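The values are calculated or read from the model by the stated rules, or taken from the named source; none is laboratory data. Source: prediction; values computed, not measured. Cβ sites come from the backbone with ideal geometry, for glycine too, and all protein chains shown count toward neighbours. Protein only, heavy atoms only, side chains kept; ligands, DNA and RNA dropped before computing areas. Shrake-Rupley method; radii C 1.70, N 1.55, O 1.52, S 1.80 Å.
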Amino acid sequence: MTSDPKAPGADAVYLYREEKTDDNLHYHSLLVRTKVLTEKGKELATVRIPYERRSFKVTDIQGRTIHSDGTVIQLKAKPSDLTDVKTKEFQINSMVFTLPSVEVGSILEYRLQIRYEDSTVSSPTWDIQQEYFVHKAHYAFDPSKDLGYITNSRGDAANNLMYALSAGNGAKMQHDINDRYSLDVNDVPPIPNDDWMPPLNTIKWRAEFYYSTYMSGAEFWQKEAKRWARETDHFADPSKSLKEAVTKIVSPTDTDEQKASKIYDEVMKLDNTDFTREKSSAELKSEKLKQIRDASDVWAQKSGSSDDLALLYVALARAAGLRVYPMQVVNRNRAVFDQNYLSLSQLDDYIAIIVLNGKEVYLDPGQKMCPFGLLHWKHTFASGLRLSDSGQVLGNTPGGVYTASGVQRIGDLTIDSSGGVKGTARFILTGQDALYWRQLAIRNDENEVKKQFNEAIRAYMPDGTQADLIHFLGLPDYASNLVAVIDVSGNLGTTTGKRVFLPGLFFEAHASHPFVAQDKRTMLIDVHYPKQDIDQVIYRLPAEYAIEAPLQPANISWPAHAVFKVASKVSSNDITVNRLAAFNFSILPPKDYGDLHDFYQKVATADQEQLVLTRAQVAKGN
């Protein structure tokens with residue numbers, strides 16, 4: 001068997017998976033049986049089991065490879081225990097082993113246990129979907145019979161077991177009279193692997209158990225939201241020191257918008273330790289600083305995490321008499337808020353919502369270099385907890401607008417008679433595009449930023465040309481556009497007899513257009529943020545060339561979603577090419593994929609248009 005009719009083209013399949021957890025005997029067990037179908041599938045021979053080393057121990061590892069002829073080769077090599085992450089609070093290790101003598105057609109089988117301390121419970125998370133198709137899987141959980149000693153991180157009794165299940169194929173959790181939970185599934189499709197997908201927690205089949213203080217979801221959100229509000233309000237309290245500080249930031253004659261903007265600028269000046277590094281206990285002691293407990297401490301130390309600075313902004317705005325509310329969201333680049341998952345640990349970052357001219361404006365003071373009035377894209381179309389005039393509520397953030405982000409690429413290129421090209425380009429980046437490079441520059445040195453920028457732009461350039469970043473303009477000024485000044489050189493054009501062919505859209509000559517190769521799609525599409533890209537390239541041609549065929553104009557529209565336009569203008573021996581591509585969407589349902597696919601196909605075709613030049617005849621002498 002080197003193929004599977006239930007998984008056409010797969011490199012491997014899972015024949016059987018079994019995961020069991022027993023919180024009375026304090027162990028997890030895992031049994032996996034896979035079938036290798038191609039050379040790539042042999043990669044499954046190397047198994048990596050992550051675990052928390054200080055409380056858990058991987059034991060009883062057994063494995064074997066079964067060849068197609070029935071030969072069995074036992075695992076004898078000693079596994080490697082590798083450290084992945086180590087902090088004061090925890091240490092994440094991975095137990096790694098490789099099954100022997102794997103061939104195409106082999107069956108790989110291994111089992112192991114992960115044991116944990118008697119004082120610990122470890123409610124499981126079952127990742128039902130895997131990288132490859134699963135024929136059959138069995139999951140079982142025996143929760144602790146002694147719930148009296150289980151507490152949460154605050155010391156509250158957590159003696160109620162809750163779970164959340166997300167799975168297809170009619171999968172249902174079974175709960176028997178012995179208080180044992182089990183789940184059996186068949187024919188589980190692999191984890192989707194399309195481009196531009198939403199976070200996997202929205203689509204991946206999984207089951208998650210946890211011990212809780214509460215009996216229901218309604219009770220959880222009612223009481224935990226109140227606790228969240230108390231703690232958030234306490235941190236963002238406009239203390240006496242903050243009220244004194246704000247008098248030096250704003251003027252009594254300032255409008256609310258001016259006050260909000262000035263306070264935002266002041267917070268942006270502070271050290272954001274998520275972009276630099278957090279001070280150690282020794283450093284705090286030597287500088288006679290204390291651990292941050294509220295916004296006043298953040299202001300006193302002129303330093304804090306992204307969340308600290310976001311809540312400091314709320315506190316200072318409150319001190320200035322502005323209507324402002326904190327909100328904590330699930331970052332869309334990681335996950336999507338799940339109201340059925342009863343844990344505030346799913347919440348990530350704080351943002352601020354301020355009321356200006358009767359409208360709520362969403363701000364991101366915890367994101368270094370983020371302009372006033374812009375949210376980092378991972379905080380758009382996000383959900384979480386927020387405060388409002390009516391108290392704490394579940395809320396959603398708005399999406400972006402296409403005019404707020406994008407790149408304007410302007411090129412002035414001179415082509416000589418031999419096809420050489422020389423010139424400059426200016427990339428004007430706005431919104432999310434500018435924010436990306438500014439934040440990258442904080443975390444990396446100048447050479448690394450230049451290297452990554454050059455790699456990004458060269459991927460689009462025509463063959464034979466070279467693009468080198470000279471410098472950025474406005475890199476530290478987040479309130480302005482970011483300008484990249486670029487040197488362009490090399491050889492351009494393909495000569496055929498008397499004709500020379502130039503790429504019509506210089507900056508898209510090697511563009512890799514998404515959504516073109518795939519005809520159908522069943523998953524949501526998430527392109528992160530709407531944007532608008534504008535190009536203008538001037539080709540300055542030598543006198544002996546004439547333009548035989550100018551660029552064909554294009555005007556492609558997907559109503560309410562996207563527009564694409566190309567136009568050119570000839571003036572003497574210069575030709576100016578303009579391109580506009582605007583995308584007014586972030587997230588699309590699968591039903592829109594056909595229109596998206598058709599639009600990008602037309603754009604990809606238009607981007608490959610060429611300019612045709614003819615070399616003029618040179619008169620021969622007598």
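With all pairs of different C-alpha atoms in the average, the Kirkwood value for the hydrodynamic radius of the stretch 138-282 is 21.2 Å. Extension gain, T120-R458: 0.36 nm per intervening residue step, less the Cα-Cα distance, totals 116.3 nm. Given a Förster radius of 22 Å and the C-beta distance between D156 and R230 as r, what FRET efficiency does 1/(1 + (r/R0)^6) yield to the nearest 0.05? About 0.90, to the nearest 0.05. Computed from the C-beta positions of D146 and D81, the FRET efficiency with R₀ = 35 Å rounds to 0.65. The C-alpha atoms of the chain define a longest principal axis, and helix 306-319 lies at about 80 degrees to it.
Over all other residues within a Cβ to Cβ distance under 13 Å of V488, the charged ones net out to +2, with Lys and Arg as +1 and Asp and Glu as -1.
Volume per residue of the convex hull around the Cα atoms, evaluated for the chain, comes out as 228 Å³. Using C-alpha pairs under 8 Å with a sequence gap of at least 6, the mean separation divided by the residue count of the stretch 72-203 gives a relative contact order of 21 percent. What does the C-alpha gyration tensor say about the overall shape of the stretch 60-200? Classify as rounded when a/c is under 1.5, otherwise prolate if a/b is larger than b/c, or oblate. Taking the square roots of the gyration eigenvalues as a ≥ b ≥ c, the stretch 60-200 is prolate. Semi-axis lengths, largest first, of the ellipsoid equivalent to the stretch 35-132 are 29, 14, 13 Å, with √(5λ) applied to each eigenvalue of the Cα gyration tensor.
Across all directions, the shadow cast by the convex hull of the stretch 469-542 built on its C-alpha atoms averages 9.1 square nanometres.
Amide H to amide H, with H built 1.01 Å from N, I150 comes under 5 Å of A158, counting only residues 5 or more places away or on other chains. Coupling constants for the stretch 484-494 follow from the phi torsions by the Karplus curve (6.51 cos²θ - 1.76 cosθ + 1.60, θ = phi - 60°), and in residue order they are 10, 9, 10, 8, 10, 8, x, 10, 9, x, 10 Hz; glycine and proline get x.
Scoring 236-244, 408-416 by mean Cβ neighbours within 10 Å over their residues and listing the highest first yields 408-416, 236-244. Start at zero, step by 5 Å, and the Cα-Cα distances of the stretch 1-64 spread as 4, 13, 21, 20, 15, 12, 8, 6, 2 percent across the bins. Near the amide H of E548, within less than 5 Å, lie the amide hydrogens of V612, L613, T614, all on another chain or at least 5 residues away, with H placed in the peptide plane.
Karplus-based coupling profile of the stretch 439-449, in residue order and whole Hz: 5, 4, 5, 5, 8, 9, 7, 4, 5, 5, 5, with θ = phi - 60° in 6.51 cos²θ - 1.76 cosθ + 1.60 and x standing for Gly or Pro. With kT/(6 pi eta Rh) evaluated at 20 °C and eta = 1.002 mPa s, and Rh the Kirkwood radius from Cα pairs, the stretch 376-442 diffuses with a coefficient of 136 µm²/s according to Stokes-Einstein.
Using the Cβ-Cβ distance between D595 and R334 with R0 set to 41 Å, the FRET efficiency from 1/(1 + (r/R0)^6) comes to roughly 0.90. More than 16 Å apart: what percent of Cα pairs in the stretch 427-484 qualify? When every Cα pair of the stretch 427-484 is considered, 42 percent fall beyond 16 Å.
Its Cα gyration tensor gives the stretch 348-492 an equivalent ellipsoid, and the semi-axes of that ellipsoid, as √(5λ) in whole Å with the largest first, are 40, 14, 12. When each of the peptides 216-223, 481-488 is scored by the mean number of other C-beta atoms lying within 10 Å of its residues, the order from highest to lowest reads 481-488, 216-223. Among the listed pairs K78/K204; K42/K76; K269/K290; K57/K136; K378/K602, a Cα-Cα separation exceeding 25 Å is found for K78/K204; K57/K136; K378/K602. Considering only Cα atoms, the convex hull volume of the stretch 420-519 works out to 129 Å³ per residue. At q = 0.12, 0.24 Å⁻¹ the log10 of I(q)/I(0) for the stretch 526-622 amounts to -0.52, -1.23, computed by Debye summation with a single uniform scatterer per C-alpha, solvent ignored. For the stretch 444-570, the Kirkwood hydrodynamic radius from C-alpha pairs, put into Stokes-Einstein at 10 °C and a viscosity of 1.306 mPa s, yields a diffusion coefficient of 87 µm² per second. Working ranking of peptides 203-212, 325-334 by packing, defined as the average number of other Cβ atoms within 10 Å per residue, highest first, is 325-334, 203-212. For the stretch 163-215, taking Cα atoms only, Rg and Dmax work out to 14.0, 45 Å respectively. Per residue, the accessible area of the stretch 1-113 comes to 53 Å², computed with a 1.4 Å probe over protein heavy atoms only.
Per residue, the solvent-accessible area of the stretch 418-530 (1.4 Å probe, heavy atoms of protein chains only, all protein chains present) comes to 48 Å².
In order along the stretch 201-215, the Karplus-derived 3J(HN,Hα) couplings, from 6.51 cos²θ - 1.76 cosθ + 1.60 at θ = phi - 60°, round to 5, 7, 10, 6, 6, 6, 10, 9, 9, 7, 7, 9, 6, 10, 9 Hz, and Gly and Pro are given as x. Solvent-accessible area of the chain (1.4 angstrom probe, protein heavy atoms only): carbon and sulfur portion equals 49 percent. Computed on the chain, with alpha-carbon pairs under 8 angstrom and 6+ residues apart, the relative contact order is 9 percent. Our note on the geometry: Cα centres of the stretch 432-510 and the stretch 351-394, 33 Å apart. Maximal additional length on extending the A546-Q258 stretch stands at 98.1 nm, based on 0.36 nm per residue less the C-alpha distance. Counted residue by residue at 0.36 nm each, then reduced by the alpha carbon distance between them, the extension gain from S182 to T414 reaches 76.5 nm.
Within the same chain, aspartates and glutamates fewer than 8 places from K422 are excluded, and of the rest, those with a Cα less than 17 Å from its Cα are D412, D463, D468, D487, D574.
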